[in-house]
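Colleague: The following block contains the structure, expressed as structure tokens.
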Amino acid sequence: MRLITHNMLKCHVKNCTDPDKQFPLRFKDVQLEQIDAERNNEFLVRMLPRIDWPALSKTTKELDITLPETVPGNPEDDEEFLQALHTAILETHIKQGSMLCDGCGHEYKITNGIPNMLLAEHEI
């Protein structure tokens, strides 16, 4: 699972009522893998408005991945920023581990890079 995917996932357990704690899900015991991908600056710039930057920044800090605290004024002209963003959201893969909701404690397992976001019937 790439970090760009993680940035769009939140807890949907019906008893998880604190929206401030449903997102971002916190990683636990994860195995990271770097997989090279071709960089597309246009894609990165177009994705920026869709990315929750504070959540991505928090997650990258927890995983010890270097990423600027804020988005620069002209990101399309900042090669260093675009490379850091590309490495973080498109080349960093979570292979194994889990994601935890800080609101209700629900654990979402990640196996072979695939997060299991399915809920039991009583959680829906």
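The values are calculated or read from the model by the stated rules, or taken from the named source; none is laboratory data. Given the structure is predicted, the values throughout are model-derived calculations rather than measurements. Because the Cβ atoms are built from the backbone with ideal geometry, glycine has one as well, and the counts that use them run over all protein chains shown. Only protein heavy atoms, including side chains, enter the accessible area calculation; ligands, DNA and RNA are left aside. Shrake-Rupley method; radii C 1.70, N 1.55, O 1.52, S 1.80 Å.
Colleague: When only residues in the stretch 75-99 that are assigned to a strand (DSSP E or B) and out of contact with any Phe, Trp or Tyr (no Cβ under 9 Å at 6 or more places or on another chain) count, which is surrounded by the most Cβ atoms within 10 Å (Cβ to Cβ)?
Modeller: Taking the stretch 75-99 first, the residues assigned to a strand (DSSP E or B) are 92-99.
Next cut, out of contact with any Phe, Trp or Tyr (no Cβ under 9 Å at 6 or more places or on another chain) only: 92-93, 95-96.
On the way: 92: 21, 93: 18, 95: 15, 96: 14.
The extreme case among them is 92.
Colleague: Go through (1) open to solvent by 90 Å² or more (accessible area, probe 1.4 Å); (2) modelled with pLDDT of 95 or more for residue 21 and report which single condition fails.
Modeller: (2)
Colleague: Report whether or not residue 102 is farther than 13 Å from residue 3 by Cα and in a strand (DSSP E or B).
Modeller: Spelling it out, it is not the case that residue 102 is farther than 13 Å from residue 3 by Cα and in a strand (DSSP E or B).
Colleague: Tally the residues that are surrounded by 13 or more Cβ atoms within 10 Å (Cβ to Cβ) and not in a strand (DSSP E or B), restricting the search to the stretch 24-36.
Modeller: Residues meeting the conditions: 2.
Colleague: Follow-up question, since we're still on this one. Considering only residues that are open to solvent by less than 40 Å² (accessible area, probe 1.4 Å) and in contact with an Asp or Glu (Cβ under 8 Å, 6 or more places away or on another chain), look in the stretch 1-18 and name the one that is modelled with the lowest pLDDT. Break it down stepwise before answering.
Modeller: Going residue by residue through the stretch 1-18, those that are open to solvent by less than 40 Å² (accessible area, probe 1.4 Å) are 1, 3-4, 6-7, 9, 11, 13, 16.
Filter again for in contact with an Asp or Glu (Cβ under 8 Å, 6 or more places away or on another chain), leaving 7, 13.
Numbers: 7: 96, 13: 91.
Step by step, filter the stretch 1-18, then rank; the result is 13.
Colleague: Exactly one condition in (1) farther than 30 Å from residue 123 by Cα; (2) over 13 Å from the mean Cα position of the chain (by Cα) is not met by residue 92; state its number.
Modeller: (2)
Colleague: For the stretch 97-119, indicate whether the set of residues that are at pLDDT 95 or above and in contact with a helix residue (DSSP H, G or I) (Cβ under 6 Å, 6 or more places away or on another chain) is non-empty.
Modeller: No - not one qualifying residue is present in the stretch 97-119.
Colleague: Go through 114, 110 for me and flag whichever is surrounded by fewer than 17 Cβ atoms within 10 Å (Cβ to Cβ), under 16 Å from residue 1 (Cα atoms) and either among the aliphatic types (A, V, I, L, M) or within 14 Å of the chain's Cα centre (by Cα) (or both).
Modeller: 114 is the lone residue from the list that is surrounded by fewer than 17 Cβ atoms within 10 Å (Cβ to Cβ), under 16 Å from residue 1 (Cα atoms) and either among the aliphatic types (A, V, I, L, M) or within 14 Å of the chain's Cα centre (by Cα) (or both).
Colleague: In the stretch 52-74, what count of residues is obtained for those that are closer than 16 Å to residue 9 by Cβ and exposed (fewer than 14 other Cβ atoms within 10 Å of the Cβ)?
Modeller: 3
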